[in-house]
């Protein structure tokens, strides 16, 4: 079917009508008579890093519109001064908390319309941004959270920043609206006919995600991304990257045409080829992605349907070079190293578990206040991890006891922070703010993890580590389809239970039970964990046991039913 015959989705028509992405955002910002934006502007806002939402706990009394604002922080690295800006803004314009995202950014929740302007302007004044944190463009570029103790780590982070800068949309609307407070004239030829030099007039069919990793650690879940760069280190230096493409987590319940997918390893690229390779992969998505069906619009479907050989040939054609074959590499683990550790340069770093990534003060556990005091007193680096934890990096050895003391005074342990299974858990935000949530996410995680901890102790596996991920819907923001054990929201109080991911986040799990009620989870999980303890091979992890033992049983049951 030719491009002229394709029935474009509503979002495609919107982008084509106002390619500057300005919409009528600035005009609505000045209108104090309304607390919301139009449905059209709601789509444009996403490109500016903003989601229009409402508090779903209060819908019985009418919709109360609030906004989620997401910062774009390449590699998840901010200075103490920048962290203090985020901390202050969360109190002044949001709900008093900061949320670490699964893509190494900060989110503000509960922002009202009148707070959007001052919040985003302040973020830009801190030399950060919210542009392209959402929308049909490249999102926040991920990079290893482990501190840069050597030249390779520093170069990987620098390459991630270069790619982030190169893939930014060039519209002037963002700066005009949020820094200058100006509504662009949409009838001006410069605005009406604007064409982004990389994205074109209608940007991408859907979102695009990039990540960098340094094997054997896969802390970014590299293969869940549209585009990945796995660092190849030879003789202590960065030789280049294995380029991966076609990963993605989102799917829809009951729609077999949608599915999670791990990326394919395509080719090896030299460090100097990274930016151009990233642009080329993005433009393949731009030119071949489905613009009629947004549920089928991610790059993963292009790679899956056209094949790796086609994709590599297309990539080489756009680069004008023949790429080398991938070099050997392997991922062995995913996750964060908690507690104090020494960097290769002699300085220290501390990894703190932050449940669901929510930085807040609760009772005697006053994490938000403690981090503010550390940032005010010491020039350390704040690093957000892909598992929604937090690293305080580049700490002078003399400052280690100072940080430990501040945290202890606010009820924050640095050693034995939680059981192993809780430290390996992650959840999406879900209710009450996410409009897509079908069930609870973040708010249910503490209950779920306590249940799992009790069951593990009951069956004699108290200290067992199992990666657990919980999402309120199948879109997969917490990357549940890579977990050893995952719950994916199906309906209020009901979840699909999936088993069999692995420790290195390189294997998808499989559905085990559908629509399990919260009240029935213990009865579903107890026999599984009991069998695991009894039947596991020495040192075998839960996900590997499930793939070896449970998956064949699922296949046999399906064949019998057929």
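Please treat every number below as a calculation from the coordinates, not as lab data. Predicted, not measured: the structure shown is a model, and the values here were computed from it. No Cβ is skipped: glycine too gets one built from the backbone with ideal geometry, and neighbour counts run over all protein chains shown.
Taken along the Cα-to-beta-carbon direction at a fixed 7 Å, the label points for residue 409 and residue 531 span 5.3 nm. Per-residue ellipticity at 222 nm from helix content only, as computed over the chain with -39500 (n - 2.57) for each DSSP H run of at least four residues, stands at -9000 deg cm²/dmol. Remark: spin-label model distance residue 154-residue 287 equals 3.8 nm, labels positioned 7 Å along the Cα→Cβ axis.
Please label the shape of the stretch 421-561 as rounded, prolate or oblate, based on the square roots a ≥ b ≥ c of the eigenvalues of the alpha-carbon gyration tensor (a/c under 1.5 means rounded; beyond that, a/b larger than b/c means prolate, else oblate). Prolate, because a/c is 1.5 or more and a/b exceeds b/c.
Here the spin labels are modelled as points 7 Å beyond Cα on the Cα-Cβ line, and at residue 114 and residue 325 they lie 6.6 nm apart. Note on residue 30/residue 398: beta-carbon distance plugged into 1/(1 + (r/R0)^6) with R0 of 45 Å gives a FRET efficiency of 0.35. Neighbour counting of Cβ atoms within 10 Å sorts the residues 184, 554, fewest neighbours leading, into 554, 184. For the stretch 253-297, the residues whose backbone nitrogen is under 16 Å from a point 7 Å from the Cα of residue 234, taken along Cα to Cβ, are 267-273.
Here's the picture: a label point sits 7 Å out from the Cα of residue 443 along the beta-carbon direction, and within the stretch 368-382 nothing has its amide nitrogen under 16 Å of it. Return a whole-number percent for the relative contact order of the stretch 421-561, with Cα pairs under 8 Å and 6 or more residues apart as the contact set. Reported as a whole number, the value is 20 percent. Once you reduce the stretch 231-293 and the stretch 491-562 to the center of their Cα atoms, the two points are 29 Å from each other. Remark: 299, 436 ranked as 436, 299, counting other beta-carbon atoms within 10 Å and listing the fewest first. Contact order for the stretch 1-54, expressed relative to its length and based on alpha carbon pairs under 8 Å spaced 6+ residues apart, stands at 29 percent. Sorting 209, 295 from the fewest to the most surrounding beta carbons within 10 angstrom yields 295, 209. A Förster distance of 25 Å, applied to the separation of the beta-carbon atoms of residue 540 and residue 560, puts the FRET efficiency at 0.40.
Across the chain, C-alpha contacts under 8 Å between residues 6 or more apart give a mean separation that, scaled by the residue count, equals a relative contact order of 13 percent.
Place a point 7 Å from the Cα of residue 58 along the Cα-to-Cβ direction; which residues of the stretch 418-453 have their backbone N under 13 Å from it? Those under the cut-off are 432-433.
The distance separating the Cα centre of the stretch 55-125 from that of the stretch 139-172 comes to 22 Å. When peptides 354-365, 528-539, 481-492 are ranked by their average number of other Cβ atoms within 10 Å per residue, the highest-first order is 481-492, 354-365, 528-539.
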